[in-house]
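Take a look at the following structure, please.
Please treat every number below as a calculation from the coordinates, not as lab data. This is a predicted model, so every value here is computed, not measured. In this analysis, Cβ positions are derived from the backbone assuming ideal geometry, glycine residues included, and neighbour counts consider all displayed protein chains.
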Amino acid sequence: MNKAITDGITFTPPPFSGGLNVWSSGDGTPGSDTYDNAANAAFVPSDPDFGGSLEILKTASTTKVRYTGQTSIIPGCYLQVRARVKVISGALPNVRIAGYAARSNGSNISGVVQVGPTTTLTTFGDVVEVTAIVGTGVRNGVDMSWGPDAVYGHFGLDLTGPNGGVVRIDDIAIEDITGAFLSDMVGLVDVRDFGALGDGSTDDHAAFEAADAAADGRDILIPEGVFFLGDSVTMDSRCRFLGTVTMSDSHYLTLQQNFNLPDYIDAFGSGELAFRKAFQSMLKGPDHVELDMAGLKIDLREPIDLHAAVPDVDSFSNRRVISNGQLSVVPGPNWDTETFTSQATYNPNDPRTLTNVQNVANIPVGSLVEGNGVGREVYVRSKNVGQETIELSLPLHDASGTQNYTFRRFKYMLDFTGFNRISRFSIDNIEFLCRGDCNALILPPTGIGFHLRDCWVNAPRERGITSHGTGCQGMMIDRCQFVSNESSLLVAQRTTIGCNLNANDVKIRNNRCRFFRHFAVIGGTSSIISGNHFFQGDSGPVGPRTAILVMANTNSRATIEGNYICDGSIEWTNERDPAPEFNSEFSFSAMSITGNTFLSQSTSPSFNFILVKPFGTDHFINGLMVTGNTFRLIDGNIDRVEGIDTTFAELNFERFKNIHFTANAYNGVNTLVESPLVWRHDENSPQSTWVVTPSPHLPFNAWVRTVESVMPEGEIQDNSGNPYWGMPYAQPRQGPNNDRVNVRWEKPVQGTVVVRMRIDNPIP
């Protein structure tokens, strides 16, 4: 770099032969005295060492020589001022390069060094060269560092020491020697050239901004040191960090050209801090959609409170992505679950509120709520300390009155609970390496379209993904791996849950999930669960199995299609209903279970792949499709694939509607079920009433409510063996359990009929 060459700037003043009227005996500022016709100065045209030179008789304690012209000071440009002198006679003085540091308005910049090193002249006639380097930056070898306010200077030299000496001065030269400071880093702009000190305490943010403004396509160099930035800084140029920066939590650094985690680690030194600051910048600025971790692993010693990184942002709805890396836990007490017990009161008429909560201030938002009548995966969504209330994520099914509740606050690598709302956020190709010491992700309280794709949730301590509100609305979980930390335990001993999702329109697709107590507890409606592989067994002897999917909304509107469901069930409940008895509402309705492969081994015969569990009386099924599935036991048999858990209540078979349980394949299942059920009945002696008993082959051991057809198969004969051409009629809901059909004839006949019957009523 040489501005004289690249930009045609002339730094060297004119020779003394051009006239002494441009050489000042003061600071060189306008109006200062010059050496033109001065009594103690003259131009010597032919000195044997210098050619033309200025001869001065030193008469003052400091005799100055300054060029009155303005020599430009350019950030990043370093000038060497050079002069040769010799003493002719008289006292031997001292000599030094000197200058006047000027702002744009001509005022002097006080407080900066404006003289170079002093040299003592010791011998008459010897030529001595003195030099000094000047520039804006604090750099090794720079004698006069003037800072970013310097615009120009008046340069020359000073004679100090004893008076009476006669000194001759050769023409003064000023040269651009910036290249001496750049060495192999040509094309870089150094923040020190704009006044940055890197001492860890001086505010260098203005120097960073000035360097960025002057870069003009070049990279910015942040050299060794700790550079304190007292305000938020956006760097439009690419930055290279040899040193680090430090700034308050509220200020942010945006690296426009190299917005990625490795560069933020270079900038801040710590991986955890770098992640927080990069996330902060991504939400504060409009220009970066994705934080690329570039394949790096970040070791976390404590949860990352993402709202604390951007405390002035409560809601955010623009698309943002964190991608391509690993978050790994460093074990320690920061990950310990906090547990609180408190008395509180619940009123089903205010179904999402606990009142009169003792010590409510101590109970963290995001805590799991446990107590009598509390369904699975109910969390503290918010709290009001002044009113002593807690807002629940979901209602409770049987908790009316006052009781003690337990609140457990799990710790998560990424914690979004501090936000009010986050929408359109994606986490892509990230491994959450929990190692059994922590949990992966807790969602914001509200939001739409959170997306987890191509991620690993590896060995969470209690939960993989937690929703403590409705931040899971429209959530998508695609092509992820969920691996439990409890694979060595028997199913009944496991406690971890892969995820819970409370809101509607969830998509869970093409994931692989292993060895949880439950993979998902889903409380919303209109979910699509497809293409997943769920494994939930153990290596123990014949034993119980748990639900892989808990569908905790009666009007489910869920599609469960094309999954591999191994050693676990689909459990359908209404455990989040504050009044769980049926009361003019949608009961268990609108679920499609289609084209799945159900597989199990070493399983108790009482196990059911599909289980309905009502928590209140008079509920029924209205809209269930179980079609095209394969049910298989690898070893042993189970009694039937479907069932009702009657711990709390039975289902009302009289109100079953729109149920299709057809075209399924069964292996290792004792009782095959179907509805509509096609049943062949043989009557070997003439009877006027044929009692058809299809039970237990009706799904859920329900009633025969509809007979669609009665079709003779072959000849119907009367008592005499003659063909009978009369038509029978059918009477469903017969027998003590309403699970038989009476086929009534005009007279006693015998033969075979095929009866097609249903456990529901036809649509009117």
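Order these peptides, 409-417, 397-405, 548-556, by their mean beta-carbon neighbour count within 10 angstrom, highest first.
548-556, 409-417, 397-405
Taking H placed 1.01 Å from N in the peptide plane, check which residues at least 5 places from Ser426 or on another chain put their amide H under 5 Å from its amide H.
Amide H neighbours of Ser426, under 5 Å, 5+ apart: Arg320, Val321, Ile322, His451.
Follow-up. Can you tell me the order of 438-449, 595-606 when each peptide is scored by its average per-residue count of other Cβ atoms within 10 angstrom, highest first?
438-449, 595-606
Mind checking the dipole of the chain: about its Cα centre, +1 per Lys or Arg Cβ, -1 per Asp or Glu Cβ, Debye to the nearest 20?
Around 1460 debye, computed over the chain.
Summing Lys, Arg as +1 and Asp, Glu as -1, what charge do residues with Cβ under 12 Å from the Cβ of Ser110 carry, Ser110 excluded?
Within the 12 Å Cβ shell, the charges total 0.
Among Phe259, Leu283, Gly271, pick out the residue whose Cα is farthest towards the positive end of the charge dipole of the stretch 250-296, where Lys and Arg carry +1 and Asp and Glu carry -1 on C-beta, about the Cα centre.
The Cα lying farthest towards the positive end belongs to Leu283.
Identify, among Asn318, Ala41, Val365, the residue whose Cα sits farthest towards the positive end of the charge dipole of the chain, taking +1 on the Cβ of Lys and Arg and -1 on the Cβ of Asp and Glu, with the dipole about the Cα centre.
Val365
What relative contact order, as a whole-number percentage, does the chain give when Cα pairs under 8 Å and 6 or more residues apart are counted?
It rounds to 6 percent for the chain.
Please find the FRET efficiency linking Val385 to Leu490, where r is the Cβ-Cβ separation and R0 is fixed at 35 Å, and quote it to the nearest 0.05.
0.25
Measuring from label point to label point, each 7 Å out along Cα→Cβ, what is the Asp219 to Ser709 span in nm?
With each label placed 7 Å out from Cα toward Cβ, I get 7.9 nm.
Under unit Cβ charges (Lys, Arg +1; Asp, Glu -1), what dipole magnitude, rounded to 20 debye, does the stretch 435-524 have relative to its Cα centre?
200
Taking other Cβ within 10 Å of each residue's Cβ, how do Arg758, Arg453 sort, fewest first?
Ranking Arg758, Arg453 by Cβ neighbours within 10 Å, fewest first, gives Arg453, Arg758.
With a 10 Å Cβ neighbour count serving as the proxy for reagent exposure, in which order, fewest first, do His154, His660, His468 appear?
So the residues, fewest neighbours to most, are His660, His154, His468.
Given [x] 42, 34, 25; [y] 92, 24, 19; [z] 94, 32, 19 as candidate values of semi-axes √(5λ) of the Cα gyration tensor in Å, which corresponds to the one derived from the coordinates?
Checking each listed value against the structure points to [y].
Return the sequence-ordered ³J(HN,Hα) values of the stretch 545-560 in whole Hz as given by the Karplus equation 6.51 cos²θ - 1.76 cosθ + 1.60 applied to θ = phi - 60°, using x for Gly and Pro.
With the stated coefficients, the stretch 545-560 comes to 10, 10, 6, 7, 10, 9, 9, 9, 9, 5, 7, 6, 6, 9, 10, 10 Hz.
Right, next: Show me, for the stretch 83-94, the HN-Hα J-couplings you get by feeding each phi into the Karplus relation (A = 6.51, B = -1.76, C = 1.60, θ = phi - 60°), rounded to Hz, glycine and proline as x.
Ordered by residue, 3J(HN,Hα) equals 9, 10, 9, 8, 9, 8, 7, x, 5, 8, x, 9 Hz.
Give me the dipole magnitude in Debye, nearest 20, for the stretch 1-145 about the Cα centre, with unit charges on the beta carbon: positive for Lys and Arg, negative for Asp and Glu.
Dipole about the Cα centre, nearest 20: 340 debye.
Starting at the first residue of the stretch 158-168, write each ³J(HN,Hα) from the Karplus equation 6.51 cos²θ - 1.76 cosθ + 1.60 with θ = phi - 60°, in whole Hz, x for Gly and Pro.
Ordered by residue, 3J(HN,Hα) equals 10, 10, 10, x, x, 8, x, x, 9, 10, 9 Hz.
Taking the DSSP beta bridges in the stretch 623-764 as the whole, what percent of them are antiparallel, to the nearest 5?
So the antiparallel bridges amount to about 75 percent of the total.
Also, quick follow-up: Just grab the label-to-label distance for Tyr564 and Asn761, each label 7 Å out from Cα along the Cβ direction, in nm (one decimal).
Result: 4.4 nm between the two label points.
Between Asn21 and Thr202, what is the label-to-label distance in nm when each label sits 7 Å out along the Cα-to-Cβ direction?
Distance between label points: 4.2 nm.
Can you compute the FRET efficiency between Thr630 and Gln343 using 1/(1 + (r/R0)^6), with r the Cβ-Cβ distance and R0 = 51 Å? Round to the nearest 0.05.
Efficiency for this residue pair is about 0.55.
Here's a follow-up. For the stretch 472-571, build the charge dipole from Cβ charges (+1 Lys, Arg; -1 Asp, Glu) around the Cα centre, then report which of Ser556, Ile528, Met476 sits farthest towards its positive end.
Highest projection toward the positive end goes to Met476.
Nearest 0.05, what FRET efficiency do Ser606 and Ala665 give at R0 = 22 Å with Cβ-Cβ as r?
E between Ser606 and Ala665, to the nearest 0.05, is 0.55.
Under 5 Å between amide hydrogens, which residues at least 5 positions from Lys383 or on another chain qualify, with H placed 1.01 Å from N in the peptide plane?
Glu391
State the Kirkwood hydrodynamic radius of the stretch 38-163 in Å, one decimal place, computed from all pairs of distinct Cα atoms.
Value: 15.5 Å, from the Cα pair sum.
In what order do Trp679, Trp745 fall by count of nearby beta-carbon atoms within 10 Å, going from fewest to most?
Listing Trp679, Trp745 from fewest to most nearby Cβ atoms yields Trp679, Trp745.
Continuing with the same structure: Taking amide H positions as placed 1.01 Å from N in the peptide plane, with prolines and chain starts having none, which residues 5 or more places from Tyr666, or on another chain, fall under 5 Å of its amide H?
Amide H to amide H, under 5 Å and 5 or more residues apart or across chains, Tyr666 pairs with Phe631.
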